[in-house]
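Each remark here refers to the structure printed beneath this line.
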Amino acid sequence: MLARINSATLLGIDAVALQIEVDIARGARLFTIVGLPDPAVRESRERVESAIRNSGFNFPVERITVNMAPADIPKRGPSFDLPIALGILVATGQVSIENLEETVLVGELSLDGHLRRVSGALPTAIGAKEWGCRALIVPPDNGREAAVVDDLEVYTCDTLYDCVSQLEQGLPYEPVRVAPADLALETPAYTVDFSDVKGQEHVKRALEIAAAGGHNMVMVGPPGAGKTMLARRLPTILPPMTLAEALEVTKLYSVAGLVGRDTALITTRPFRHPHHTVSTAGLVGGGTIPQPGEVSLAHHGVLFLDELPEFTRSALEVMRQPLEDGTVTIARAQLTLTFPARFQLVAAMNPCPCGYYGDQAKPCTCHPGAVARYRNQISGPLLDRIDIHIEVPRLTPDELLSKQSGEPSAKIRERVMAARERQAARFVGKPFFCNAQMGSRALREFCPLDAEAENLLRVAIDQFALSARAHDRIIKLARTIADLDGSEGIQVPHLAEAVQYRSLDRRLWG
């Protein structure tokens, strides 16, 4: 007898419809799974057999063939345990279920028949809705995540026996519902705030500009100056995520298996902080069937690279494409996948290996050659893609002992959101939404300079030997500063402030 069960597999961050075909035939006992399964899928044979027996059903002693169609798409992970087990029970006539063609099932089985969480429940739910299915059955730990999708009934089952019972009764229970409060995007909850930061007012100003225009940033300063503390607070002044952005971020985290049981939707902007020993694949993604890396997990959020020169040169250079395009393309022999990676890069570094080059309190003990090698770990093309370069000096004793709180993140975020609203109105109908994403044509259209501003920029290009890319980024920065100032055009003070954010790299690396 033949049974067909609907399921799904993941390609990138999207789900692909899958049909599990189970055929029971006479012959020597054999359990075969075909259709490009990976080792985790092939191992489901033992899990499925034990789960069926321990759930009170009979496991056939005949020839079992499981085909996962379409057969030319690689399948990975244990999420097919539940549909395979149900297909065997239907094919052997132990259960009778109607309207299975309207239901999608995913879930890993334990040996006693309980369902364990799987990756990619949200993309699967979005796919099931697009395929015209009525219901989706997932493990309990994936219920809230999948229930975010409207117009789809999401059910959870604790065990294989519970799933069979619900399906035989026509899914009589109430589907999982998500409370509106779980989808609140207007008031993101952060545990840190800019009011905690003492001093460093010029760095806070640079971070405000970075947030307002979506610009990348590098901070250079001695250990303990507050670089990490400042970077961690950048997401708190970014505008709240839109529903589309939240869904995209949650899909990425769902594919990576990083959505918590009690989380329906990720409503705060990501902050990723990989260690400098991270591999290239860990940073940009990879694997036999590619998975998202840190740059994709920072999508619509912040990627913070502390101790920037300690990262391998290959890992840093491979980030040049996502910094420009906002995507990561990973090619393999069987398939090519593209992951979104529209993030803000914030990097921090010491000025030299010991960290005290130019510090007034402690002398630098590094050899000049070691300092040069340390700084040259960061290539010129990568530096050109970082809009803001700023020095973070050691705090003075008065600043450290001050009892006065800094400006709270909420007030800074108001100014950032006002600047973003000006950009949104300016870029209506364009494929970008903030100043940092403008191309050369958009610069000519939206960022005209008067004669006085052009003369200032000409002097800066000559004095700092700026590249064409650095020239464009100065104009983008000036446009953001003008937006924060509420100015329709770029004035000389806006351009002068933008230029000083590009002078540090020439002083240290020139």
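The values are calculated or read from the model by the stated rules, or taken from the named source; none is laboratory data. Keep in mind it's a predicted model, so treat the numbers as computed, not measured. Using ideal geometry, Cβ is built from the backbone for each residue, glycine included, and neighbour counts are taken over all protein chains shown. Keep in mind that these areas ignore ligands, DNA and RNA; they rest on the heavy atoms of the full protein, side chains included. Shrake-Rupley method; radii C 1.70, N 1.55, O 1.52, S 1.80 Å.
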*asked:* Under a crude label model (7 Å from the Cα following the beta-carbon direction), how far is Arg177 from Thr288 in nanometres?
replied: 4.5 nm
*Taking one equal scatterer on every alpha-carbon of the range 1-154, how large is log10 of I(q)/I(0) by Debye at q = 0.08, 0.16, 0.19, 0.20 1/Å?*
-0.20, -0.82, -1.18, -1.30
*asked:* Rounded to the nearest percent, how much of the accessible area of the range 1-150 (1.4 Å probe, protein heavy atoms only) is carbon and sulfur?
replied: 46 percent
*Debye log10 I(q)/I(0) for the chain, one point scatterer per Cα, at q = 0.06, 0.08, 0.12 Å⁻¹*: -0.37, -0.61, -1.05
*asked:* Through the Karplus equation 6.51 cos²θ - 1.76 cosθ + 1.60, θ set to phi - 60°, convert the phi angles of the range 338-346 into ³J(HN,Hα) values in whole Hz; use x for Gly and Pro.
replied: 10, 10, x, 8, 8, 10, 9, 8, 10
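Nearest 5 is fine: what % of DSSP beta bridges in the chain come out antiparallel, could you say? Mind dumping the intermediate values first?
Numbers: 27 of 55 bridges.
Beta bridges within the chain, antiparallel portion: roughly 50 percent.
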_0 to 90° range, to nearest 10: angle between helix 243-255 axis and the chain longest Cα axis_ = 60 degrees
_Using a 7 Å offset from Cα along Cα-Cβ at Asp72, what residues in the range 316-344 end up with backbone N under 17 Å from the label point?_
332-337
_Separation between Cα centres of the range 412-478 and the range 269-284, rounded to whole Å_ = 29 Å
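Whenever you get a sec, compute what percent of the accessible area on the range 244-371 sits on carbon and sulfur atoms (1.4 Å probe).
On the way: 2520 of 5070 Å².
Percent of accessible area from carbon and sulfur atoms in the range 244-371: 50.
Using only the Cα atoms of the range 85-181, build the gyration tensor, take square roots of its eigenvalues as a ≥ b ≥ c, and label the shape rounded, prolate or oblate: rounded if a/c is under 1.5, else prolate if a/b is larger than b/c, else oblate. Walk me through the numbers before you get to the answer.
Details: a/c = 1.78, a/b = 1.41, b/c = 1.27.
It is prolate, given that a/c is not under 1.5 and a/b is the larger ratio.
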*Cβ-derived FRET efficiency at R0 51 Å, Phe432 paired with Val34, nearest 0.05*: 0.65
_Cα-based helix-to-principal-axis angle, 409-426 vs the chain, degrees rounded to 10_ = 90 degrees
*Express in nm, to one decimal, how much length is gained between Thr191 and Thr312 on full extension, taking 0.36 nm for each residue of separation and deducting their alpha carbon distance.*
40.4 nm
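Return the FRET efficiency for the residue pair Ala418, Met1: r is the Cβ-Cβ distance, R0 is 60 Å, and the value is rounded to the nearest 0.05. Before the final figure, lay out the partial values.
Details: r = 66 Å, r/R0 = 1.10.
So, using R0 = 60 Å, E works out to roughly 0.35.
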*Helix axis angle, 451-464 relative to the chain longest principal axis, alpha carbon, degrees*: 80 degrees
_For the range 188-269, what does the relative contact order come out to in percent, with C-alpha contacts under 8 Å and a separation of six or more?_
37 percent
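When only C-alpha pairs under 8 Å and at least 6 residues apart count, what is the relative contact order of the chain, in percent?
Numbers: 1001 pairs, mean separation 67.1, N = 510.
After rounding, I find 13 percent.
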_Checking the table Lys362/Lys403; Lys204/Lys411; Lys227/Lys251; Lys198/Lys476 against a 19 Å threshold on Cα-Cα, which pairs fail?_
Lys362/Lys403; Lys227/Lys251; Lys198/Lys476
